[in-house]
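Colleague: Please read through the structure below; I'll follow up with questions.
Bear in mind that the values in this text are calculations on the coordinates, not laboratory data. Every value quoted in this text rests on a predicted model; they were computed, and no experiment measured them. Methodologically, a virtual Cβ is constructed for each residue, glycine included, from the backbone with ideal geometry; neighbour enumeration extends over all protein chains shown.
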Amino acid sequence: MSKLLSTEFYKICRKFVTILIITIAFSVTGAFVSMSATGTVYAGMNMIFCMFGLVFCGMTGLFISQDFVNNTIRNKLIIGHTRFHIYLSYQIVFAVLAFLMTAVFIGIYILSGKLFSGVEVFQEGQPTPDELKIYRENFFKALPVYLVAVPALTTLGVFISMTLKNSLGGVVTVITAYTLNSLPLLDVISPENKLFAFINTVLPSSQIYLMEKFSAESDFSPLKYILISIAFAVIMFMLGYAIFRKADLK
């Protein structure tokens, strides 16, 4: 297991600069849009952060699908690694990377927001001191949710790529991520629909997108959404491994 983890971390490290650039680009763009539109870094990040999480999910699927194309996974089985360890190693590596990049995203987002605080392009108006205090409190209340929700999304990328077992896995992961980016709009179309509300509460991507709304509720509990994301990740992992364990690798 340790060899699998070290191998996967080494492979990811070779692509680390690209991943870091993507993370910085998303965070700086998000801060600029937020500050120029609302006048505060504590509001308006959710849409871009949701896109970042889903892009990360798509990258997970693309990276793993390449290992099927190159017969890397089959070779791992031949030299004696178990399917459980192979599946788990991918999940650990991408979840850890997602957690670290989420922390980087948040840090750069806040720093960039301070730099753009004087930007007035397209700005609709400055928030009052009371509004700013509420935005700030809600933002920091939601941070633990972000740190769990983005890694949880990687379980979906691992699930799709490890069950399709070919280059199509990466394509399907990207398409799925693109589709999930639209689901929070259900909340706008029909805010009273309980099914839509359930879907958007369960999906980590929708949690991120709608967190500004959720965190403003009087009974908001970060723990609730953290546990939901963990449950989502566990279910995806168990289903994915159950399918991969029985898969015929040609």
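Colleague: What's the longest bit of the chain with no exposed GluC sites (Glu not before Pro), using DSSP loop states and at most 14 other Cβ atoms within 10 Å as the test?
Modeller: Here the longest segment lacking exposed loop sites spans 1-119.
Colleague: Assuming a ≥ b ≥ c are the square roots of the Cα gyration tensor eigenvalues, decide whether the range 12-84 counts as rounded (a/c under 1.5), prolate (otherwise, with a/b larger than b/c) or oblate.
Modeller: prolate
Colleague: Gain in length, Phe220 to Ser2, computed as 0.36 nm per residue apart minus the alpha-carbon separation, to one decimal in nm?
Modeller: Stretched fully, the Phe220-Ser2 segment lengthens by 74.5 nm.
Colleague: Checking the a/c ratio against 1.5 first, then a/b against b/c, what shape does the Cα gyration tensor give for the range 112-250?
Modeller: Note, shape of the range 112-250 comes out prolate.
Colleague: Counting only pairs 8 or more places apart or on different chains, how many lysine pairs in the chain have C-alpha atoms closer than 16 Å?
Modeller: 13
Colleague: Next question. Using θ = phi - 60° and the Karplus form 6.51 cos²θ - 1.76 cosθ + 1.60, what ³J(HN,Hα) does each residue of the range 174-184 get, whole Hz, x for Gly and Pro?
Modeller: 5, 4, 4, 4, 4, 5, 4, 5, 8, 4, x
Colleague: What are the ³J(HN,Hα) values, in whole Hz, obtained from phi via the Karplus relation 6.51 cos²θ - 1.76 cosθ + 1.60 with θ = phi - 60°, for each residue of the range 65-70 in sequence order, with x given for Gly and Pro?
Modeller: 4, 5, 5, 6, 4, 8
Colleague: Tell me, Ile226, Ile21, Ile208 in order of fewest to most beta-carbon neighbours within 10 Å?
Modeller: Ascending Cβ contact count within 10 Å gives the list Ile21, Ile226, Ile208.
Colleague: While we're here: Can you work out ³J(HN,Hα) from phi for every residue in the range 240-248, in order, using Karplus 6.51 cos²θ - 1.76 cosθ + 1.60 and θ = phi - 60°, giving whole Hz and x for Gly and Pro?
Modeller: Those phi angles translate into x, 5, 4, 6, 5, 4, 9, 6, 8 Hz.
Colleague: What percent do you get for the relative contact order of the chain when only Cα pairs under 8 Å and 6+ apart count?
Modeller: 30 percent
Colleague: Which three extents, in whole angstrom, do the alpha-carbon atoms of the range 2-246 cover along their principal axes, largest first?
Modeller: Principal extents (Cα only, largest first): 64, 40, 27 Å.
Colleague: A follow-up question, please. Calculated from DSSP H runs of 4 or more alone, at -39500 (n - 2.57) each and per residue, what is the 222 nm mean residue ellipticity of the chain, nearest 500?
Modeller: The helix-only estimate for the chain comes to -27000 deg cm²/dmol at 222 nm.
Colleague: Using the Kirkwood radius over C-alpha pairs as Rh, can you work out the diffusion coefficient of the range 44-126 via Stokes-Einstein at 37 °C, viscosity 0.692 mPa s, in µm² per second?
Modeller: 208 µm²/s
Colleague: Apply 1/(1 + (r/R0)^6) to the Cβ-Cβ distance of Ile189 and Ile79, taking R0 = 51 Å, and write down the FRET efficiency to the nearest 0.05.
Modeller: According to the calculation, E is roughly 0.50.
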